[in-house]
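The values are calculated or read from the model by the stated rules, or taken from the named source; none is laboratory data. Predicted model, so just to flag it, every value in this text is computed and none were measured. We place every Cβ from the backbone using ideal geometry, glycine too, and count neighbours over all the protein chains shown. When the accessible area is computed, the model is the full protein with side chains, heavy atoms only, and any ligands, DNA or RNA have been set aside. Shrake-Rupley method; radii C 1.70, N 1.55, O 1.52, S 1.80 Å.
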Number of protein chains: 2
Amino acid sequence: MGSCQTCVVRNRAICAGLEPDEVALLNDIGRRRNLAAGEQLLWEGESAVLVANVIHGVLKLSNSLEDGREQIVGLVYPSDFIGRPFGATTPYGVEALTDARVCVFAQRDFDNFAREHPRLEHKLLERTLTELDRTRKWMLLLGRKSAEERLATFLLEISQRMAPATCDTPEGQSEEFEMPFSRQQVGDVLGLTIETVSRQFTKMKRDGVIDLPSRRSVVIRDRMELEARAG
Amino acid sequence: MGSCQTCVVRNRAICAGLEPDEVALLNDIGRRRNLAAGEQLLWEGESAVLVANVIHGVLKLSNSLEDGREQIVGLVYPSDFIGRPFGATTPYGVEALTDARVCVFAQRDFDNFAREHPRLEHKLLERTLTELDRTRKWMLLLGRKSAEERLATFLLEISQRMAPATCDTPEGQSEEFEMPFSRQQVGDVLGLTIETVSRQFTKMKRDGVIDLPSRRSVVIRDRMELEARAG
DNA sequence: CGTACTTTTGATCACCGTCAATAAATGTGG
DNA sequence: CCACATTTATTGACGGTGATCAAAAGTACG
């Protein structure tokens with residue numbers, strides 16, 4: 001079923017930089033799991049039983065209100081970490097947006113391993129700090145940007161995130177990509193309704209900033225203009 | 001000028017749980033600094049030169065757009081940690097909302113100390129994970145809640161945060177407190193304009209949910225109703 | 001007491017949400 | 001492979017919430 005030695009994300013995930021014997025130990029306590037698109041891995045508020053690393057696929061982290069309003073609070077890509085170590089409850093739901101493959105650990109096992117391996121904790125700390133920065137930048141979008149600015153910002157962001165999936169360059173941006181999101185999910189990321197998202201897509205296409213060859217594919221025709229519209 | 005041994009937040013800040021000799025070392029690399037209300041400690045985008053712990057006072061973390069729109073992305077209270085360890089640039093501005101006292105460290109010194117003291121890194125990791133959870137919960141507010149729900153949620157939150165300042169109980173909530181925020185700053189936290197904030201305050205007062213004895217003081221008259229309005 | 005700042009209140013408007021209908025894409029069974 | 005059902009996205013009409021602009025009231029401070 002695969003091991004850490006052959007893992008495709010071993011150089012980018014938190015496991016990177018561990019000694020071979022440490023990797024072997026981590027291999028023992030983790031196991032691989034496949035998720036179908038739409039399958040839920042963790043539920044908001046449940047006790048925190050497991051953590052995981054993404055091997056491939058895209059997942060969403062979301063918070064909801066009782067009346068059904070939902071906000072996606074994070075998107076998770078290959079090599080990203082999922083879950084809440086050292087905590088009692090999972091603070092958000094986790095659901096696969098595409099078919100995905102993850103490397104899961106019982107939270108207890110992972111916590112113990114982490115405490116004994118400062119190198120791993122350090123990696124996790126750096127990752128968490130980066131994620132906090134990203135999340136706070138997103139708050140500016142949610143609190144202060146218009147619908148057009150939100151969609152433009154979002155398209156620029158995923159054009160970067162989707163790029164490494166196709167080629168091996170760590171940083172880059174592709175002018176043409178498939179979104180792993182439905183319109184509803186784009187709305188849930190941006191704090192907008194599906195109708196507003198659709199109208200903004202149409203407007204940008206009409207203005208020649210982007211092209212929409214199919215439902216979920218986007219072509220950036222004028223990146224400068226898109227950046228200008230991102231606010 | 002004060003030392004770690006006599007520090008009022010020593011049992012709650014990241015220093016908690018360190019051995020006496022470790023505390024002494026930390027004492028050597030840090031220094032105290034007083035900030036006047038409105039004084040800026042860090043600027044968004046500048047190189048990350050220092051980190052700090054709050055001893056007393058309240059500070060804001062904020063992101064801005066070129067055109068002046070601002071979003072407060074975090075509020076920092078006594079014993080909280082400020083700054084971006086292990087990073088090149090400070091991702092947000094930090095400004096004192098009240099007169100404040102902080103314990104500052106050169107980022108280099110702090111990073112080195114942290115790497116050599118896993119106990120400290122672990123504390124920092126737990127703190128960062130908790131902060132990330134709190135931040136993500138706030139995204140639901142910014143993305144999906146109405147103005148009334150936002151203000152109600154905010155008042156409930158600060159009634160909790162302000163409580164420990166007056167008494168020694170770690171967890172609690174006071175029905176009467178002074179806000180360290182102007183109306184503009186409340187707006188910057190909630191992603192609303194000052195006028196909308198003011199109108200919502202007036203409405204809640206008119207409805208008997210809260211009372212506003214003075215500019216910055218709030219009395220919660222009907223906590224149940226306030227919770228109902230928080231969504 | 002006068003000046004400057006903050007907050008409140010009012011009037012108006014625009015953006016985005018809501019509700020509804022249509023269109024397009026996807027899936028299913030004969 | 002096509003008819004049909006279902007899901008997803010687009011488009012339209014309309015209304016409400018919150019932003020904007022403007023003025024008045026309240027507060028702080030010399």
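Just tell me how shielded B:127-135 is by partners: mean number of partner chain Cβ atoms within 10 Å of each residue's Cβ, no decimals.
Details: counts 2, 8, 10, 4, 5, 11, 8, 2, 7.
Partner-chain Cβ atoms within 10 Å, mean over residues of B:127-135: 6.
Taking every pair of alpha-carbon atoms in chain B, what share in percent sits in each 5 Å bin, from 0 to the bin with the longest distance?
Spelled out bin by bin, chain B gives 1, 6, 13, 17, 19, 16, 12, 8, 5, 3, 0, 0 percent.
Which ³J(HN,Hα) values in Hz, rounded to whole numbers, follow from the phi angles of the range A:212-219 under the Karplus curve 6.51 cos²θ - 1.76 cosθ + 1.60, where θ = phi - 60° and Gly and Pro get x?
10, x, 8, 2, 10, 10, 10, 10
Points 7 angstrom from Cα along the Cβ direction at residue B:49 and residue A:161: gap in nanometres?
About 3.5 nm separates the two model spin labels.
Along the Cα-to-Cβ line of residue A:175, 7 Å from the Cα, sits a label point; which residues in the range A:200-215 have backbone N less than 13 Å from it?
A:209-211
At 0.692 mPa s and 37 °C, plugging the Kirkwood radius over alpha-carbon pairs of the range A:1-133 into Stokes-Einstein gives what diffusion coefficient in µm²/s?
After rounding, the answer is 218 µm²/s.
Would you mind checking the tilt of helix A:194-206 against the longest principal axis of the Cα atoms of chain A, expressed as 0 to 90 degrees and rounded to 10?
The answer is roughly 60 degrees.
Kindly list the residues of the range B:181-198 that lie in the label zone of residue B:99, defined by a backbone N under 20 Å from the point 7 Å along the Cα-to-C-beta vector.
Answer for the range B:181-198: B:181-182.
Just to compare against my own numbers: the Cα pair-distance distribution for the range B:26-99, 10 Å bins, whole % per bin, please.
Computed distribution, short to long bins: 19, 52, 26, 3, 0.
Go through A:146-159, B:203-216, A:218-231, B:174-187 and give me the packing order, highest mean Cβ count within 10 Å leading.
Top of the packing list down: A:146-159, B:174-187, A:218-231, B:203-216.
Taking amide hydrogens as modeled 1.01 Å from N in the peptide plane, which residues meet the under 5 Å criterion relative to residue A:55, leaving out close sequence neighbours?
A:79, A:101, A:102, A:103
Accessible area per residue, 1.4 Å probe, Å², for chain A: what's the number?
Here the residues of chain A average 45 Å² of exposed surface.
So what is the relative contact order for chain A, in percent, with contacts set as C-alpha pairs under 8 Å and at least six apart?
It rounds to 18 percent for chain A.
Apply the Kirkwood formula to the protein assembly as shown: the hydrodynamic radius equals the inverse of the mean of 1/r over all pairs of different alpha-carbon atoms; give it in Å with one decimal.
Evaluated on the protein assembly as shown, it is 23.7 Å.
Report, as an integer, the average count of C-beta atoms from other chains found within 10 Å of each Cβ along B:143-149.
5
Roughly what angle does helix B:147-166 make with the longest principal axis of chain B, taking Cα atoms, 0 to 90 degrees, to the nearest 10?
50
How many partner chain Cβ atoms sit within 10 Å of a residue's Cβ in peptide A:63-73, on average, as a whole number? Working shown, then result.
Working: counts 9, 2, 7, 1, 2, 0, 6, 3, 10, 4, 9.
Per residue, the average neighbour count from other chains is 5.
Residues with amide H under 5 Å of residue A:89's amide H, sequence separation 5 or more or different chain, H placed in the peptide plane at 1.01 Å from N; which?
A:48
What is the sum of charges around residue B:182, taking Lys and Arg as +1, Asp and Glu as -1, for the other residues whose C-beta is under 10 Å from the C-beta of residue B:182?
Taking every other residue near residue B:182 into account, the sum is +2.
Just to confirm my numbers, what's the Cα centroid distance between the range A:1-50 and the range A:102-121 in Å?
Spelled out, the Cα-based centre of one part sits 10 Å from the other.
What is the helix-to-structure angle for B:20-29, meaning the angle in degrees between its Cα long axis and the longest Cα principal axis of chain B, kept from 0 to 90 and rounded to the nearest 10?
80
With every protein chain left in place and a probe of 1.4 Å, what is the accessible surface of residue A:138, to the nearest 10 Å²?
30
Tell me, what HN-Hα J-couplings in whole Hz come from the Karplus equation 6.51 cos²θ - 1.76 cosθ + 1.60 at θ = phi - 60° for each residue of the range B:79-93, using x for Gly and Pro?
Running phi through 6.51 cos²θ - 1.76 cosθ + 1.60 with θ = phi - 60° gives 5, 6, 9, 10, x, 10, x, 6, x, 7, 10, 6, x, 8, x Hz.
Taking amide hydrogens as modeled 1.01 Å from N in the peptide plane, which residues meet the under 5 Å criterion relative to residue B:182, leaving out close sequence neighbours?
none
Mean 1/r over all different Cα pairs, inverted: what Kirkwood radius does the range A:145-229 give, in Å?
One decimal place: 12.9 Å for the Kirkwood radius.
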